[in-house]
Amino acid sequence: MQDLTKKKLSFRQYLVVASLLFGLFFGAGNLIFPLHLGQLAGANWGPAALGFCVTGVLLPLLSVLAVAVTRAEGVFDIGRPLGVGFALVFMVLIHATIGPLFGTPRTATVSFTVGVAPFLPKADQGWALLLFSAVFFGLAFAFSYHQNSILANVGKVLNPTFLALLFLVFVVAFVSPMGNPATAHVTHAYLASPVTNGFLEGYNTMDALAGLAFGVTVVTAVRSMGVKRPGAVSKVVTFSGLLSMAAVAFIYLLLIVLGAMSLGHFKLSADGGVAFNQLVNYYAGAFGQVVLAFLLTVTCLTTAVGLVAAFAQDFHKHFPKVSYHTWLALSCLASFLTANFGLDQIIAWSTPMLMFLYPLAMVLILLSVSSPLFHRDGVVYFFVVLLTVVPALGDMVVAFPSVVSQSAFGLWVAGVRSALPLASMGLSWVVPALVGLVVGLLVHFFRRNRVSVNQTETN
């Protein structure tokens, strides 16, 4: 009998896992944010794309590698070196942000607002969103009900449909371009620092956070294919992650160029959803709008399936008295309710949480990837996270809607935060995190050398 613990996958199976990763990462936000970035950056689309790909491609890839290197099975394991309490709180915050509070509801509201709402009178959009989101999350529940079917449902059915439609959009747009991206207007912010602004724009994808949460879904899928050894699972996840994120980077680049080209015919839009709507209508009219609606719904549904499944799997693992299917139903129900507050409210209140969680996620991802160098010593994690969390809290307060950010407390926090290096660029946490890394490594190597000396003296 074949030893399944040593089973090797074919290249085609690697592509199936890569397709799963692609489908879990790539949602509606991944369509509209790079397109809008291209409009904002104009002729400076190249440096802006570089910054965007750091947070939109490199960090999600590193999050997958972090799961592989540490042999983690979820976001909980990534925070484990700081203790069970921290790991549990971090897991809940990540899943709440990319799950029922913000990320998952956004998959329904973006697809409805951009793809469906233009067909309806404004007076009818409230009840239409209610109906659309109910059907949307009903389908997400059905696709993710059987955990072993996630790979087939997402990787083999929805992704090829999405890619075919997106390829059609690119072919039409580049065969008949709207304008020259090299001469497109550049907004003020992207004249001064296109790389930094592109970097911050990548936060909106939420993919670095999602990569940590999707780890359990990907590992479960790989094991269902017969790969059992932890080292082999890590290799499959790593190679498949490289394939999937290379595809994501290529699509981002095309979307950013497309956004810059669109300025040859349209003015700067309010957001990428409007820009994509205008672009498709320009080339294909009403038929294009129908294609857009289906395209957005398909890509949003793939992301929603991954989010609700990862939420249910992780919460069932750590709170096992509640079944996977119950957690799944709760996630879908909560996402449905939140979605009906509307896209504007979801985005307004998600930004502060992203400003707080993204720095923490970034340092934990980088620490996890490099953890073999310091034996995953918790003391290194402690100092880095401690000196990251304080400025990250300040970034969160400043990013809140005016009811908080313009209050006496909010203005005081903004004043204190402004004294930190890189605060004006939205990166006030970077220097403190580096200081924490230096201190943590010094403590780690000091303790390690002291142990070595004591062992030598004992011998």
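The values are calculated or read from the model by the stated rules, or taken from the named source; none is laboratory data. Predicted model, so just to flag it, every value in this text is computed and none were measured. Reconstructed Cβ throughout: ideal geometry from the backbone, glycine too, with neighbour counts over all protein chains shown. These area figures cover heavy atoms from the full protein model, side chains too; ligands, DNA and RNA do not enter into them. Shrake-Rupley method; radii C 1.70, N 1.55, O 1.52, S 1.80 Å.
Taking the Cα centroid of segment 290-304 and of segment 50-65, what is the distance between the two, rounded to the nearest whole Å? Answer, in whole Å: 23. In the context of the full set of protein chains, the chain has a per residue accessible area of 42 Å² (1.4 Å probe). Ranked by solvent-accessible area (1.4 Å probe, protein heavy atoms only, all chains present), the residues 188, 265, 325, 36 order from largest to smallest as 188, 265, 325, 36.
Normalised by residue number, the volume inside the convex hull of the Cα atoms of the chain is 169 Å³ per residue. With a cut-off of 14 Å between beta carbons, the residues surrounding residue 342 carry a summed charge of 0, where Lys and Arg count +1 and Asp and Glu -1. Of all stretches in the chain that contain no trypsin sites (Lys or Arg not before Pro) in a DSSP loop with at most 11 other Cβ atoms within 10 Å, the longest one is 9-266. Tell me the angle of helix 343-370 to the major Cα principal axis of the chain, expressed in degrees between 0 and 90 and rounded to the nearest ten. Compared with the principal axis, the helix lies near 40 degrees. Once the Cα atoms are used to define both axes, helix 207-224 deviates from the longest principal axis of the chain by about 80 degrees.
Rounding to the nearest 10 and keeping the result within 0 to 90°, find how far the Cα-based axis of helix 84-96 lies from the longest principal axis of the chain. The answer is roughly 0 degrees. Taken as Cα centroids, segment 205-250 and segment 95-140 sit 28 Å apart, rounded to the nearest whole angstrom. Dipole of the chain (Lys/Arg Cβ +1, Asp/Glu Cβ -1, origin at the Cα centre): which of 146, 57, 105 lies farthest to the positive side? Final value for the positive-end residue is 146. Cross-link partners for residue 235 among the aspartates and glutamates, with Cα-Cα distance under 16 Å and sequence neighbours closer than 8 places in the same chain left out: 73.
Near residue 40, once Lys and Arg are set to +1 and Asp and Glu to -1 for all other residues with Cβ below 11 Å from its Cβ, the sum equals -2. Using a probe radius of 1.4 angstrom, the carbon and sulfur fraction of the accessible surface of the chain is 70%. Across q = 0.17, 0.24 Å⁻¹, segment 49-137 modelled as identical point scatterers on its alpha-carbon atoms has Debye log10 I(q)/I(0) values of -0.87, -1.12, in the order of the q list. Residue 146 sits with roughly 110 Å² accessible to a 1.4 Å probe, with DNA, RNA and ligands left out of the calculation.
Could you check the simple spin-label distance between residue 330 and residue 167, using points 7 Å along Cα→Cβ, in nm with one decimal? In this crude label model, residue 330 to residue 167 measures out at 4.2 nm.
Remark: spin-label model distance residue 266-residue 406 equals 3.0 nm, labels positioned 7 Å along the Cα→Cβ axis. Summing Lys and Arg as +1 and Asp and Glu as -1 over all other residues whose Cβ lies under 13 Å from the Cβ of residue 27 gives a net charge of 0.
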